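No lab work stands behind these numbers, since they all come straight from the coordinates. On a predicted model such as this, the values are computed, not experimentally measured, just so you know. Virtual Cβ from ideal backbone geometry, glycine too; neighbours counted across all protein chains shown.
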Amino acid sequence: MAKYLMMRKVSLFSNLIRNMSKVLELIIERRSIKNFNKNFKISSKDIIKIFETIRMSPTSFNLQPFKVYYVSNIDIREELSPICWNQDSITSSSGLLVWTVNKEDYLRNYYIKNQIRWLADGNDNRIERVTNGLKIVVDDRKIRYEEWAIRQCYITLGCIMPVIKELDLDSCPIEGFLTDKVNDVFNKHKVYNSKNETIALVCAIGKRLEEQNTNFLKNKKRLPMEDLFKTI
Ligand SMILES: Cc1cc2nc3c(=O)[nH]c(=O)nc-3n(C[C@H](O)[C@H](O)[C@H](O)COP(=O)(O)O)c2cc1C
């Protein structure tokens, strides 16, 4: 009886918070889809909405230190498949969002300097403040600028996932790729120059296969609240 009451309490609680936010509902409902409908093509209108979400996402010092390519070309995706752990989503999705960042030296000596100058409208005081602020952040975290840039890509990934769900589309973030080999493929196809640029993150987008296991879609395993949070 006590167990039943406890379960009922949890279910009432999750219904209550679900009703409080449309975005929360989308986050709860979305899943990382492994098998997509090969015949489905995302409209260019929806692609623009996803791009705009990435563009409007927050980044450290507002520096947006990445580029995003949308790879729908199936020949390139087939070439990528074996170097992305042969994941079905690479070729069955409508396309791949591919984030790249500049490599360390180019990022520090060229991209960040230019971007700070642009953001600060050439104001020397502001340029110095942001340059020093960013240096303090990366030094304190003991990371390279390249790693700091990759972290910014993940923020935008978090922002697009509920938006993709709201568009009645599906997504699967992908870290399962071989960096150097993927860079070689994009270099060969002249997508970017891998001397200065490197892949950071991938997200497959499209429409899920309806035949996909419905249990998988429903059973979302997460740690209980009390293991994750503490208010002090
Ligand atoms: C940064 C990141 C990288 C991921 N990489 C992969 C991947 O390479 N392949 C894959 O099938 N799923 C990948 N996932 C999906 C996770 O496995 C998934 O988010 C997790 O199991 C929770 O499931 P859910 O997203 O359906 O709620 C990745 C997720 C994140 C956030």
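Some points to look at:
- Protection proxy ranking, peptides 26-34, 40-48, average beta carbon neighbours within 10 Å, highest first: 26-34, 40-48
- The ranking of V163, V202 by Cβ neighbour count inside 10 Å, starting from the fewest, reads V163, V202.
- Antiparallel bridges, percent of DSSP beta bridges restricted to the chain (to nearest 5): 95 percent
- The chain - Kirkwood radius from inverse mean 1/r over Cα pairs (Å): 20.0 Å
- Each of W99, W118 was scored by other Cβ atoms within 10 Å of its Cβ. Arranged with the fewest first, they read W118, W99.
- Prolate/oblate/rounded label for region 169-232 (Cα gyration tensor, a/c 1.5): oblate
- Value of relative contact order over region 29-122, rounded to a whole percent, pairs C-alpha under 8 Å and six or more apart: 37 percent
- Sorted by Cβ neighbour density within 10 Å, fewest at the top, the residues L178, L167, L107, L97: L178, L167, L107, L97
- Overall form of region 44-138: prolate. Here a/c, set by the Cα gyration tensor axes a ≥ b ≥ c, is 1.5 or more, and a/b is the larger of a/b and b/c.
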